[in-house]
Every structure is written in structure tokens, then in C-alpha cells.
Amino acid sequence: MIRPQSILEGVGIKEEIFARLKTQPRPKKRFAAILFGENAISENFLKQKENAAKELGIDFKIYKFSDAAVKGMTNDGARKEVLKIALQKPVGGMIVQLPLPEHLNRQERFTRAVIRCCRRLSALCKKFYLLLATRYSLKKWLLSV
């Protein structure tokens, strides 16, 4: 069990969480991560999530949209790309990595529209997870499976 400590021991906590997760059944579906634009920090976060998923035996795939591809993309276009990935049969959960490019309305319409569509999708599927990525989103998803 993780105990509160005055100094956070990240490696020990990670090992404890991973040991617990390794005893759980593996998800049968893929976890997708979507990155709009080229952002080295976001790519690094996704690489860390990918490595964690591999360590746990989870199928994890990163879908990257280059700056050139995103430049002419509208909120609706980006939402449609997210939904195309979400509707793939092997996908059981996903991350939309933040921050989104400036021209996409990341505060309101884009995220609400994607979440609304994924809620409709979840009504059709047993489990479907959409996470607007934070540092701990993969852990939250893994613990909820």
C-alpha cells in the first residue's frame, strides 16, 4: 500500500503500483494516444506512457499528426480524426495529449465535442476511456481497468 511520506519516492511508488497492476488481467484492447502537432515535451510524455504500457504488456499506439497536417485542421476536422481512431475495433481507450495547437479551441468546444461523441460511443461499447492527458492519465486508466 502506498503511504504518505514527507519525501516522495517516485521509483518505489512506481514499482509498487506496477507490481499491483501486473497481477491484474491485461486489457484486451489497444490504448491509443493522439498527438496534434509537434511538441517535444508532449512526445516525451507519450514515450514514457508507451514504455509503461509495454512494461505492463498493454498494446499502446501513438497516433501523431504533424504540424503541417494540423495547420489547416479545424476543430471539427480534429474531432473527426479522434473519432476515426476511437472507432477502430482494437481501440478500447485513448489519450488526447495536451496542449493542443493554439488554433484548436482546446478550452471549450473541441474537448466538449470529443467527450460528447465518446460518451455516445461508450453507450455502444462495454468500456471506452477518453482521457485528456495529464501526467497521471495512463496510471488512472490502468487502475480503472
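The values are calculated or read from the model by the stated rules, or taken from the named source; none is laboratory data. Keep in mind the model is a prediction, meaning the values are calculated, not measured. Backbone-built Cβ (ideal geometry, glycine too); neighbour counts: all protein chains shown.
Only one of the numbered conditions (1) exposed (fewer than 13 other Cβ atoms within 10 Å of the Cβ); (2) of a type outside the set (Lys, Arg); (3) at pLDDT 60 or above is violated by Gln107, and that is (3). Checking each residue in the stretch 54-76 for being surrounded by 13 or more Cβ atoms within 10 Å (Cβ to Cβ) and either aliphatic (A, V, I, L, M) or more than 17 Å from the chain's Cα centre (by Cα) (or both) picks out Leu56, Ile58, Ile62, Ala69, Val70, Met73, Asn75. The residue list Leu56, Leu100 contains one member that is modelled with pLDDT of 85 or more and not small (Gly, Ala, Ser), which is Leu56. Against the numbered list (1) at pLDDT 90 or above; (2) at negative phi; (3) buried (at least 17 other Cβ atoms within 10 Å of the Cβ), Gly37 comes up short only at (2). Just one of the listed residues (Leu35, Leu46) is under 30 Å from Arg20 (Cβ atoms) and touching a Lys or Arg at 6+ places or on another chain (Cβ under 8 Å), and it is Leu35.
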